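The values are calculated or read from the model by the stated rules, or taken from the named source; none is laboratory data. Quick caveat: nothing in here was measured; it's all calculated off a predicted structure. Heads up, the Cβs are rebuilt from the backbone with ideal geometry, glycines too, and the neighbour counts pull from every protein chain shown. When the accessible area is computed, the model is the full protein with side chains, heavy atoms only, and any ligands, DNA or RNA have been set aside. Shrake-Rupley method; radii C 1.70, N 1.55, O 1.52, S 1.80 Å.
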Amino acid sequence: MISYANTTKCEQAFLIYPKDLTHPLNIKSDQIRVRSLTFSLDDNLDRTGQTFLKNLFLLIP
């Protein structure tokens, strides 16, 4: 993820998981921050998609 973010000149990268992680990922390497986000597949996909987008936009400055 960090190599890809460097290549595309991104400051943030996100790993998306179908379930909440016990310890969410939030690391910084040089100028790249990598975080985990959840997109649940266990519920209504429209509702979980809206929740995912809301959480994503909270993390993007």
**Report entry** Relative contact order computed over the chain (Cα-Cα under 8 Å; 6+ residues apart), in percent
**Finding:** 29 percent
Query raised in the report: Which whole-Hz ³J(HN,Hα) couplings does the stretch 51-61 yield from phi under the Karplus relation 6.51 cos²θ - 1.76 cosθ + 1.60, θ = phi - 60°, glycine and proline marked x?
Result: 5, 4, 4, 4, 5, 5, 5, 5, 8, 9, x
Query - Nearest-10 value in Å² for the accessible area of Ile32, using the 1.4 Å probe - result: 10 Å²
Query raised in the report: Which shape class, rounded, prolate or oblate, goes with the chain when its Cα gyration tensor gives a ≥ b ≥ c as root eigenvalues, a/c under 1.5 marks rounded, and past that a/b bigger than b/c marks prolate?
Result: prolate
Report task. Using a 1.4 angstrom probe on heavy atoms only, work out the carbon and sulfur share of the accessible area of the chain in %. Result -> 56 percent
Report summary line: For Thr7, the accessible surface traced by a 1.4 Å probe with all protein chains present amounts, in square angstrom to the nearest 10, to 110 Å²
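Relative to the Cα centre, what is the charge dipole magnitude of the chain, using +1 at the beta carbon of each Lys and Arg, -1 at the beta carbon of each Asp and Glu, and rounding to the nearest 20 debye? Kindly include the intermediate steps, with their values, before the conclusion.
On the way: 7 positive and 6 negative charges, 38 e Å.
I would put it at about 180 debye.
Tell me, what is the per residue accessible area of the chain in Å², probe radius 1.4 Å?
Numbers: 4860 Å² over 61 residues.
Ligands and nucleic acids excluded, the result is 80 Å² per residue.
Trypsin sites (Lys or Arg not before Pro) within the stretch 1-59: which are DSSP loop residues with at most 12 other Cβ atoms inside 10 Å? Spell out each step's value before the answer.
Numbers: sites: Lys9, Lys19, Lys28, Arg33, Arg35, Arg47, Lys54; in loops: Lys9, Lys19.
Those that pass, being in a loop and sparsely packed, are Lys9, Lys19.
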Query raised in the report: Can you list the lysines whose alpha carbon is less than 21 Å from that of Lys28, not counting same-chain residues fewer than 8 positions off?
Result: Lys9
